[in-house]
Structure formats: C-alpha cells, structure tokens
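Chemist: The following block contains the structure, expressed as structure tokens.
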Amino acid sequence: MIKSTKVPIYEIFFSFQGEGLYTGLAQIFVRFAGCNLKCNYCDTSYSTIISRKAKYLTDEELINKICLLYKQNKKTFLSLAPDKPSVSFTGGEPLIYVDFLKAVLPKLKEKGFSVYLETNGTLSQNLKKVIKFCDIVSMDFKFISECKKSFWKEHKDFLKIAIDNVLVKVFVKCVITNSTNVSEIKKSASIINTILKETPLILQPSIDKNIPAIQNLYKFYTAAKKIIPNVHLMIQMHKFYKIR
Ligand code: SF4
C-alpha cells in the first residue's frame, strides 16, 4: 500500500477574505507552513518556518477537516456565499507542496468546492501542475525593495500560465511600503500589459510596517494607471481589523 505524504499545515479556519478583489468572501482557509521567500513585511512569519505548531496531515485528513468545517458553517456559507463554497489555500507558500495539492484539489472539486490559490507567484512550473484545478489565482508581485531579490522573470512566467487558462480568474497584488519605488510599480504594470492588460493590479499599502507616504500612493496609482486600465488601491481588511 502506498503511504500518503503528510505536509505541515499551520491552521484551518473559517473567515472572510481580507484582501484583493474578493475581499469579504466567506471562505475556508488552509494555511500551509513553509515558504520559499523571506519578505520583510511578512505577516505570517510564524508560518514561513515550519514550527512545532504545524500539524502534519495527509490529503484525506485535510479534506475531512475541510468538509467538517464546511458542515459546521454551512448556514453562514449558504446565506453569504450561496454558490460553491470557496477554499483558500494560503501560507507560507502553498505551491511548495504541489504534489500534495495535486492530490487534494481534484477531490475537493468533486465534492463541490471552488479553489482559491493565494501565492507569491514565483513557482511557475508548480502552478502548471495544478492550474486546471484552480478557480481563482491571487498572485503577488514581490519587489527587491522588500524581498531582497527581483522576481520579474518568475512573475512573468507565472502570470502567463495563469492567464492562459481562460477559466481561471486572476489578479495581481503588491504590497506598498515606504521602500517601494515607482519603477517597481511601472515594471509591474508593464508585465501585466504584455500578457493581458485587463488583469487587475491591486496596490496594497502596508498599514503596520514601513508605512508608505500618502503622496507616494497617489504617484504609484497614477503611474500604473497610465500603463494598464484596471488598478485598485486597497488596504488589507484583516490587518486593519486585526482578525485572521
Ligand atoms: S511570500 Fe508571503 S508568506 Fe512568504 S515570506 Fe513573503 S509575505 Fe511571507
């Protein structure tokens, strides 16, 4: 008998999406432990390292937990989100466990859930293996000013794979801090412009660390808007209300 692989999961909980285009959507969140990056502004540093708090689960164990949580919150789901219940895979970085996702996502889809992938947008080859099971991809663009390295090529490849799957809804987010510079925003908008210019770009000002100056937000928004049409300036609601 083949033994199922276990992966570290920091928490599974029911809440509302706190950022991006689907802010306010009732979801089940699966937060993996572990990440391939180390951003200065990381709000989940507890989950980027695999601590003893993480629980190791098999695909079947995770699916059972998701189904149980759904059952416990079914009334809320049906009243707030009457369509397919949505499961957000977040982290850390979910795509570092791509083989595990390959086992979990199709089974969840069969059970009637929709899949929301929250990712740092750097592991394009892993995305390729699971994109057909995703309904929404929320990808980040990471900047050298906060993440120690540029990932322009990785982000471009990643966005292309996501966009090529026409059934998947895709948007890009980037965290704006006082270290962000306008060339990073212009480059982000230019990459989107070369792939699908209508792709939404969400500019998310940091509200707790290295807070950006308000005049920079205006400058960044107008710079992006000159290149692509769909730019939004939005704060992360869960951070504002200090909820998970
Ligand atoms: S990619 Fe996300 S989870 Fe990973 S270190 Fe950066 S902010 Fe944290």
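A short reminder: the numbers here are calculations on the coordinates, not readings from a lab. All values derive from a computational prediction rather than experimental measurement. Glycine also receives a Cβ, built like all others from the backbone with ideal geometry; neighbour counts cover every protein chain displayed.
Chemist: What does the extension gain come out to for Gln215 and Val166, with contour length at 0.36 nm per residue minus their alpha carbon separation?
Modeler: Gain on extension, Gln215 to Val166, equals 14.0 nm.
Chemist: If you restrict to DSSP beta bridges whose two residues both lie in region 7-175, what percentage is antiparallel, to the nearest 5?
Modeler: Antiparallel: roughly 35 percent of the beta bridges in region 7-175.
Chemist: Please name which of Ile235, Cys42, Phe151 has its Cα lying farthest along the dipole of the chain towards the positive end, using unit charges on Cβ (Lys, Arg +1; Asp, Glu -1) and the Cα centre as origin.
Modeler: Cys42
Chemist: Here is a further query. How do Val166, Val98, Val172 line up, fewest other C-beta atoms within 10 Å first?
Modeler: Val166, Val98, Val172
Chemist: Next up: Reachable aspartates and glutamates from Lys75, Cα under 17 Å, same-chain residues fewer than 8 places away excluded?
Modeler: Asp83
Chemist: For region 124-168, which trypsin sites (Lys or Arg not before Pro) pass both filters: DSSP loop (anything but H, G, I, E, B) and at most 14 other C-beta atoms within 10 Å?
Modeler: Lys148, Lys149
Chemist: Which whole-Hz ³J(HN,Hα) couplings does region 129-146 yield from phi under the Karplus relation 6.51 cos²θ - 1.76 cosθ + 1.60, θ = phi - 60°, glycine and proline marked x?
Modeler: With the stated coefficients, region 129-146 comes to 6, 10, 4, 5, 9, 8, 9, 10, 10, 9, 10, 9, 9, 9, 10, 4, 5, 10 Hz.
Chemist: With respect to the cross-link table entries Lys197/Lys226; Lys128/Lys153; Lys156/Lys186, which display a Cα-Cα separation exceeding 23 Å?
Modeler: The answer is none of them.
Chemist: Relative to the Cα centre, what is the charge dipole magnitude of region 7-175, using +1 at the beta carbon of each Lys and Arg, -1 at the beta carbon of each Asp and Glu, and rounding to the nearest 20 debye?
Modeler: Computed about the Cα centre, the dipole is about 140 debye.
Chemist: Could you work out the per residue convex hull volume over the alpha carbons of the chain, in cubic angstrom?
Modeler: Cα-based convex hull of the chain, divided per residue, equals 125 Å³.
Chemist: Positive end of the dipole of region 61-192, charges at C-beta (+1 Lys, Arg; -1 Asp, Glu), about the Cα centre: which of Ser138, Leu69, Val172 has its Cα farthest in that direction?
Modeler: Most positive-ward Cα: Leu69.
Chemist: Between helix 182-195 and the chain, what is the angle of the helix's C-alpha long axis to the longest principal axis, kept within 0 to 90° and rounded to the nearest 10?
Modeler: Orientation of helix 182-195: about 60 degrees from the principal axis.
Chemist: I'd like the orientation of helix 98-110 relative to the chain: the angle between its Cα long axis and the longest Cα principal axis, in ° from 0 to 90, rounded to 10.
Modeler: Helix 98-110 sits at roughly 70 degrees to that axis.
Chemist: Taking Cα atoms, how many degrees apart are the long axis of helix 152-164 and the longest axis of the chain, rounded to 10 and kept between 0 and 90?
Modeler: That helix lies at roughly 60 degrees to the long axis.
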